[in-house]
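What follows is a short report on a single structure.
The values are calculated or read from the model by the stated rules, or taken from the named source; none is laboratory data. Since the structure is predicted, the reported quantities are computational estimates derived from the model, not experimental observations. Cβ placement follows ideal geometry from the backbone for every residue including glycine, while neighbour counts extend to all protein chains displayed. In case anyone asks, the SASA skips ligands and DNA or RNA and just uses the protein heavy atoms, side chains included. Shrake-Rupley method; radii C 1.70, N 1.55, O 1.52, S 1.80 Å.
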Amino acid sequence: METSEPRWLTSEERAAWMTLMGVLMRLPAALDAQLLRDAGLSHFEYGILAGLSETPGRTLRMSALAVLAEGSLARLSQAVGRLEKRGWVRRSPDPTDGRYTLATLTDEGWDKIVASAPGHVENVRTLVFDTLTRAQVRQLQEIGRRILGATDPGGSCPTR
């Protein structure tokens, strides 16, 4: 039985990997901090409200919203429960198939996302896009698309 050597990272690949890991750890925390401070929302909750705000009728099945929000159905259900208590989302049975539950962004939820979006977008611009050239933004999109293709070969990620 032959065992192959691991394909160790080169020093350049290791440096790039460590940088990417730093971004993956620090960027979500920075996005959460701004949203919690300024809007009283986690980044995940913001993503739910924003996702619903961009859908027809501001309504989606919970299962589709979980995919859009990049979270498990259990995590989504807990977050939607919190948003529902604040009057920003309403859950109801799907009238076309009662086995499913719909999440709908309320008018108050719409107002919340409209009020929260400018600060969030400014933070994203400051943390990410202001630090890059136009060419680097295009490269970032291509790099992200390729990594998503490798991690999500079935293409369920809506951002691909």
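Gain in length, residue 151 to residue 124, computed as 0.36 nm per residue apart minus the alpha-carbon separation, to one decimal in nm? Walk me through the numbers on the way to the answer.
Working: separation 27, 0.36 × 27 = 9.72 nm, distance 2.35 nm.
7.4 nm is the gain from fully extending residue 151 to residue 124.
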accessible surface per residue for the chain, probe 1.4 Å, DNA/RNA/ligands not counted, whole Å² -> 69
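Once the Cα gyration tensor of the chain is found, what semi-axes does its equivalent ellipsoid get, as square roots of 5 times the eigenvalues, in whole Å, sorted largest first? Walk me through the intermediate numbers first.
Working: eigenvalues 225, 97, 39 Å².
That gives 34, 22, 14 Å for the three semi-axes.
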Ranking 116, 23, 78 by how far each Cα lies towards the positive end of the charge dipole of the range 19-160 (+1 on Lys and Arg Cβ, -1 on Asp and Glu Cβ), the top one is 23
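Of all the accessible heavy-atom surface of the range 1-66, with the other protein chains kept in place and a 1.4 Å probe, what percent is carbon and sulfur? Each step should come with its number before you reach the end.
On the way: 2760 of 4590 Å².
With neighbouring chains kept in place, the figure for the range 1-66 is 60 percent.
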The computed P(r) of the range 1-79 puts the percent of Cα pairs beyond 19 Å at 57
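Calculated from DSSP H runs of 4 or more alone, at -39500 (n - 2.57) each and per residue, what is the 222 nm mean residue ellipticity of the chain, nearest 500? List each step's numbers first, then the result.
Working: 6 runs with 100 residues, N = 160.
Helix contribution divided over all residues of the chain: -21000 deg cm²/dmol.
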Tilt, helix 11-39 to longest principal axis of the chain (alpha-carbon atoms), in degrees rounded to tens, equals 20
When every protein chain stays in place and a 1.4 Å probe is rolled, 17, 8 sorted by accessible area with the largest first are 8, 17
Site residue 131, offset 7 angstrom along Cα→Cβ, radius 14 Å on amide nitrogen, limited to the range 24-41, gives 24-31
If one compares the long axis through the Cα atoms of helix 107-127 with the longest principal axis of the Cα atoms of the chain, the angle in degrees, nearest 10, works out at 20
